[in-house]
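The values are calculated or read from the model by the stated rules, or taken from the named source; none is laboratory data. Note that the coordinates shown come from a computational prediction; the quantities given were computed from them, not determined experimentally. Neighbour counts run over all protein chains shown; Cβ positions are idealised from the backbone, glycine included. Accessible surface is based on the protein model in full, side chains and every heavy atom, while ligands, DNA and RNA are left aside. Shrake-Rupley method; radii C 1.70, N 1.55, O 1.52, S 1.80 Å.
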Amino acid sequence: MHTPIEPRPVVIIGGGISGLTAAYRLTRASIPVHLVESSDQLGGLGMGGEIGGVEIERFYHCVMPTDEHLLPLLNELGLADTIRWQQTTMGMNVDGRRFPFNSAMDLLRFTPLRFAHRIRFGAVSLLLRRLGRGQDLDNTRTEDWLRSVYGPTVWQRMLKPLFGAKFGDAFGEVPARYLYQRLGRESNVAIRGYPEGTYRAIVDRMRTAIETGGGRILRGVSVQHVALDGDGARVRLGTGAEIAAQSVISTVPIPLLHKLADERLRSALPRVQLDYQGVVNAVFLLDRPLDGHYWAPVINCDTEFDGVVEMSALTGTERFGGRSLVYVMHYCGRDSALFAEPEADIAHRWKAQLRSLYPDRLTDAGAVEYVKVFKAPFVEPIPTLGYHERIPAVRVGDTNVFLATTAQIYPDVTSWNSSVGLADRVVREVIDNRDSARRRVVAHA
Ligand SMILES: Cc1cc2nc3c(=O)[nH]c(=O)nc-3n(C[C@H](O)[C@H](O)[C@H](O)COP(=O)(O)OP(=O)(O)OC[C@H]3O[C@@H](n4cnc5c(N)ncnc54)[C@H](O)[C@@H]3O)c2cc1C
């Protein structure tokens with residue numbers, strides 16, 4: 001009997017939101033897919049963890065009402081109604097003092113800045129998006145732009161530590177377009193969302209949709225080598241198995257893909273010189289709330305972390321048995337001394353630092369019930385001037401290898417939303433490319 005030849009699958013490297021979205025879209029288009037994820041869990045940076053017996057995300061995550069790609073996907077998955085929207089507030093911890101930072105009145109009372117600087121900060125912040133319109137912000141250093149509109153004092157005292165937390169000393173060099181875009185996503189948006197059932201509910205729904213659509217998901221298996229082969233590629237797994245792929249979509253950071261690629265693919269890969277910021281982030285389970293602000297930057301307070309996210313101000317405390325969930329974080333390179341330190345040592349120190357930041361709240365040692373540290377080496381590529389011109393294309397040369405990575409998100413902020421938007425675009429190219437290859441075969445026949 002004649003057995004039909006299985007069409008070669010599209011192999012997707014990485015089961016974070018980019019890989020899951022690509023796999024979901026391709027299976028919906030009846031294209032065979034193998035999704036390979038090296039970790040035991042799907043979800044990538046949005047992956048779950050556990051603290052004190054409660055399920056959490058390892059890194060704080062929320063949904064924004066402006067998430068134009070993610071929200072329609074959640075709607076398709078039947079999950080849009082499970083997002084719990086909540087008005088949130090912001091605080092500011094400066095010089096060991098804590099301030100609310102949500103209204104004009106809060107700004108007027110914000111003593112770390114002199115009165116005239118408070119007025120300037122407020123006025124310029126209102127106008128900032130308008131001031132940036134029509135300017136070549138891709139080729140303007142953030143420091144130059146912000147100094148010119150806010151003045152040197154506000155830059156040095158507030159903006160550099162406030163927005164610079166993510167990129168450290170490199171922040172001043174980052175194109176001003178990044179901040180401009182970020183303000184577009186986040187400015188004046190106090191409403192944030194969080195999925196009932198945690199982010200795992202989204203990941204689980206996607207996994208089920210992919211598998212019932214005929215896609216294969218391999219977890220706990222890493223891709224070790226990708227070699228170009230004819231019009232496709234051979235993908236070797238950690239198990240020793242090899243998949244003959246029609247196309248490959250890589251969602252892993254480009255420096256990692258370089259290590260997996262054979263010589264021919266490596267020479268076709270984009271030659272972007274891109275540094276990545278990693279993160280060290282601690283999660284605390286407290287028996288009481290802090291100030292109730294979702295987000296509070298920490299400036300000049302003798303802490304190693306630069307911000308506090310009081311997650312339970314968004315999620316409520318019921319899921320934590322009435323306790324509060326708090327994250328603190330420091331973005332840094334994966335080669336930094338902090339990143340190399342054992343998690344338990346960081347946890348010990350940061351617990352003491354959190355207590356000294358909130359001495360009136362965390363009055364007794366038992367208030368901090370649990371603390372856990374999680375690290376990620378590749379969180380955010382650090383864009384440099386003119387990066388817009390150098391953003392890697394979706395397709396690698398004329399190969400059938402495609403990229404859906406955080407290095408292509410600029411000028412948008414890396415988020416689940418922007419990854420979904422990018423994965424949608426990549427899948428459209430994969431399908432177009434496949435269709436035109438088919439048309440060529442038919443024309444030849
Ligand atoms: C502290 C922090 C806070 C954040 N806050 C938010 C937020 O509030 N809202 C928001 O929307 N986003 C937020 N983000 C950003 C968001 O998590 C990322 O932008 C998004 O998850 C990127 O998804 P990805 O699939 O592109 O990459 P990743 O999530 O990094 O997925 C890549 C996957 O590839 C796998 N992999 C690597 N190498 C291999 C290999 N050789 N073989 C197989 N698999 C491999 C990895 O294990 C990983 O699962 C935050 C991130 C961090 C770190």
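State which residue is nearest to G193 (Cα to Cα) when the search covers only the stretch 391-429 and only residues that are part of a helix (DSSP H, G or I) and away from the ligand (no atom under 16 Å from the Cβ).
Taking the stretch 391-429 as the starting set, the residues that turn out to be part of a helix (DSSP H, G or I) are 406-408, 416-429.
Filter once more, keeping what is away from the ligand (no atom under 16 Å from the Cβ): 428-429.
Numbers: R428: 28, E429: 31 Å.
The residue in question is R428.
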Any hit, the stretch 366-388, residues being at negative phi, assigned to a helix (DSSP H, G or I) and aliphatic (A, V, I, L, M): yes
Any hit, the stretch 168-177, residues being open to solvent by less than 50 Å² (accessible area, probe 1.4 Å), modelled with pLDDT of 90 or more and out of contact with any Pro (no Cβ under 9 Å at 6 or more places or on another chain): yes
Candidates L26, L70, L77 - the one that is open to solvent by less than 20 Å² (accessible area, probe 1.4 Å), away from the ligand (no atom under 11 Å from the Cβ) and more than 20 Å from V235 (Cβ to Cβ): L77
Where a residue in the stretch 137-164 is in the same structural domain as A116 (by TED's automatic domain parsing) and its partner, wherever it lies, is of a type in the set (D, E, K, R) and modelled with pLDDT of 90 or more, with Cβ under 6 Å and at least six apart: L137/R177; D138/R177; W155/R147
Residue among G132, G164, G151 that is more than 27 Å from H330 (Cα to Cα) and surrounded by 13 or more Cβ atoms within 10 Å (Cβ to Cβ): G132
Scan of the stretch 289-335 for residues that are within 28 Å of P253 (Cα to Cα), modelled with pLDDT of 95 or more and small (G, A, S), ordered by number: G307
Matching entry among G44, G53, G48 (being within 7 Å of the ligand (Cβ to nearest atom) and either open to solvent by 20 Å² or more (accessible area, probe 1.4 Å) or in contact (Cβ under 8 Å) with a residue 40 or more places away in the chain (or both)): G44
Criterion violated by L338 - all others in (1) more than 28 Å from V63 (Cβ to Cβ); (2) surrounded by fewer than 21 Cβ atoms within 10 Å (Cβ to Cβ); (3) more than 15 Å from the ligand (Cβ to nearest atom) satisfied: (3)
Candidates V368, V373, filtered to the one that is assigned by TED's automatic domain parsing to the domain that holds F305 and within 18 Å of the chain's Cα centre (by Cα): V373
Any hit, the stretch 303-316, residues being under 29 Å from F171 (Cβ atoms), more than 14 Å from the ligand (Cβ to nearest atom), open to solvent by 20 Å² or more (accessible area, probe 1.4 Å) and touching a residue at least 40 places away in the same chain (Cβ under 8 Å): yes
Qualifying residue in the stretch 388-407 (condition: modelled with pLDDT of 95 or more, more than 13 Å from the chain's Cα centre (by Cα) and of a type in the set (D, E, K, R)): yes
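So is P359 open to solvent by less than 20 Å² (accessible area, probe 1.4 Å) and either more than 13 Å from the ligand (Cβ to nearest atom) or in the same structural domain as R334 (by TED's automatic domain parsing) (or both) or not?
no
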Single unsatisfied condition, R205 versus (1) open to solvent by less than 10 Å² (accessible area, probe 1.4 Å); (2) closer than 30 Å to F320 by Cβ: (1)
From V248, V252, residue being in contact (Cβ under 8 Å) with a residue 24 or more places away in the chain, within 16 Å of the ligand (Cβ to nearest atom), crowded, with 21+ Cβ neighbours inside 10 Å and not in a loop (DSSP other than H, G, I, E, B): V248
Unique match (being more than 12 Å from the ligand (Cβ to nearest atom) and either open to solvent by less than 20 Å² (accessible area, probe 1.4 Å) or modelled with pLDDT under 95 (or both)) among V33, V63: V33
Subset tally (residues that are closer than 16 Å to F378 by Cα and either in a strand (DSSP E or B) or touching a residue at least 24 places away in the same chain (Cβ under 8 Å) (or both)) for the stretch 337-359: 2
